[in-house]
Ligand SMILES: Nc1ncnc2c1ncn2[C@@H]1O[C@H](COP(=O)(O)OP(=O)(O)O)[C@@H](O)[C@H]1O
Ligand SMILES: [Mg+2]
C-alpha cells in the first residue's frame, strides 16, 4: 500500500496536504491566496505557459523564512472534465514527490498541495515545493560538456535513475527540463521535478524503463554508453538497444509532426491542453 506523507489541510474552499514543518499561521495565511502570491512583484516567475511557476520567499515562523516554488496547474477544457473523476494534477504531483522524498531520493521537498473544486470539477490547484538553489536543468549541460565530463554526468544519472526505478518508481515525463543538476565541482547531484506523472508500481519492467528514457536529449553518440551504465553491462543486449532506438525515433517523429500540424496551438485554442 502507498505510504502517505504529510498532514491533511482543511482550509475552505481549499483542501490539501501539508508538510508538518510548514503549519505556521503566517504561512497558511499567505498560501490561502497563491494566485495573488504569483502575481506580486516579489515573486520571480520561472515559467508561464500551460502552468505558471514562480518562486517566492515566505515566513514559516516569527524568525525564519523559506523560498518556495509555487506551481499553479491551469486546468481547463478536457482536463477539467477529467478532473471530475480523477485526482487533481496537484495531488498527483504531491504523491509523486512524496514517493521520492520518503525513500530518500533527491527531489525538492514537498511543502503543500491545495485544490479547490466547484462541484466535482477542479477550479484551482497548486503544488508548492522548496526551492533548490544553484541548480540547472540538465538540458543546458548536454551541449556544453567535453566528452569525458559528459560521460561522468551520464554515468551518475544512469545510476540515480536505475536506483529510482528499481524501487518501483516510474517518472513518465523524464524530459531534459525535469532533471535539475547540482555540481559542487566533485560530483553531480540530481533532483527530479514535475512529479505529477510519477507512478508507483511493484516492479518497473525493462521495456517501460527504456521507454521512459527516450525523452532525454542525450547526444546520439552517448546513448549506448548511457544505457550500458543504466543496465550495468559492458555489452548491451540488442533488444534493449533496438527498443530504445525504436521508441526514440517514434517520440521524435511525433514531436515533429505535432510541430508541423501546430497541434499545440490548436489544442490550446480548443482548451484541450
Ligand atoms: N523546486 C524547484 N527548485 C528549483 N527550480 C524549480 C523548482 N521547481 C521548478 N523549478 C524550475 O521551474 C521549471 C518549471 O517547473 P516544472 O515543474 O517542470 O513545470 P512544467 O510542468 O510547466 O514543465 C523547471 O524546469 C525548473 O527550472
Ligand atoms: Mg517541466
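Against the longest alpha carbon principal axis of the chain, how many degrees, from 0 to 90 and to the nearest 10, is the axis of helix 89-102 turned?
60 degrees
Given contacts defined as C-alpha pairs under 8 Å and at least six residues apart, what's the relative contact order of the chain, whole-number percent?
Working: 431 pairs, mean separation 44.7, N = 273.
Rounded, it is 16 percent for the chain.
Between helix 238-260 and the chain, what is the angle of the helix's C-alpha long axis to the longest principal axis, kept within 0 to 90° and rounded to the nearest 10?
Compared with the principal axis, the helix lies near 50 degrees.
Over the alpha carbons of segment 7-130, what is the largest minus smallest coordinate on each principal axis, giving the biggest first in Å?
Sorted from largest, the Cα extents of segment 7-130 read 43, 36, 27 Å.
For helix 147-166, report the angle its Cα long axis makes with the longest principal axis of the Cα atoms of the chain; keep it between 0 and 90° and round to the nearest 10°.
The two axes meet at around 60 degrees.
Rounded to the nearest 500, what is the 222 nm mean residue ellipticity of the chain from helices alone, with -39500 (n - 2.57) per DSSP H run of 4+ residues and division by all residues? Before the final figure, lay out the partial values.
Details: 9 runs with 98 residues, N = 273.
It lands at -11000 deg cm²/dmol.
For segment 197-263, count the residues as N, evaluate 2.2 N^0.38 Å, and divide the Cα radius of gyration by that value, please.
Working: Rg = 13.6 Å, N = 67, 2.2 N^0.38 = 10.9 Å.
Taking N as the residue count of segment 197-263, the ratio is 1.25.
Could you state the principal axis extents of the C-alpha atoms in the chain, from the largest down, to the nearest angstrom?
Principal-axis extents of the chain (Cα, largest first): 57, 45, 40 Å.
Beyond 19 Å, what share of the Cα-Cα pairs of segment 136-236 is found? Please give it as a whole percent. Before the final figure, lay out each step's value.
On the way: 1917 of 5050 pairs.
The calculated P(r) of segment 136-236 puts 38 percent of pairs beyond 19 Å.
Normalise the Cα radius of gyration of segment 58-207 by 2.2 N^0.38 Å (N = residues in it) and let me know the number. The partial results should precede the final answer.
Working: Rg = 17.2 Å, N = 150, 2.2 N^0.38 = 14.8 Å.
It is 1.16.
So if I take the centroid of the Cα atoms in segment 199-219 and the same for segment 109-129, what is the distance between those two points in Å?
That distance is 28 Å.
Could you tell me the calculated FRET efficiency between residue 266 and residue 63, based on Cβ-Cβ distance and R0 = 45 angstrom, to the nearest 0.05? Could the numbers behind the result be given before it?
On the way: r = 51 Å, r/R0 = 1.14.
So the FRET efficiency works out to roughly 0.30.
Could you order the peptides 120-131, 90-101 from most to least packed, using the average number of other C-beta atoms within 10 Å per residue? Numbers along the way, then the final one.
On the way: 120-131: 21.0, 90-101: 24.3.
Descending mean neighbour count gives 90-101, 120-131.
Measure off 7 Å from each Cα along the Cα-to-Cβ vector at residue 246 and residue 45, then give the distance between these two points in nanometres to one decimal.
4.4 nm
Every number in this text was worked out from the coordinates using simple rules, so none of it is lab data. Since this is a predicted model, take the numbers as computed values, not measurements. Using ideal geometry, Cβ is built from the backbone for each residue, glycine included, and neighbour counts are taken over all protein chains shown.
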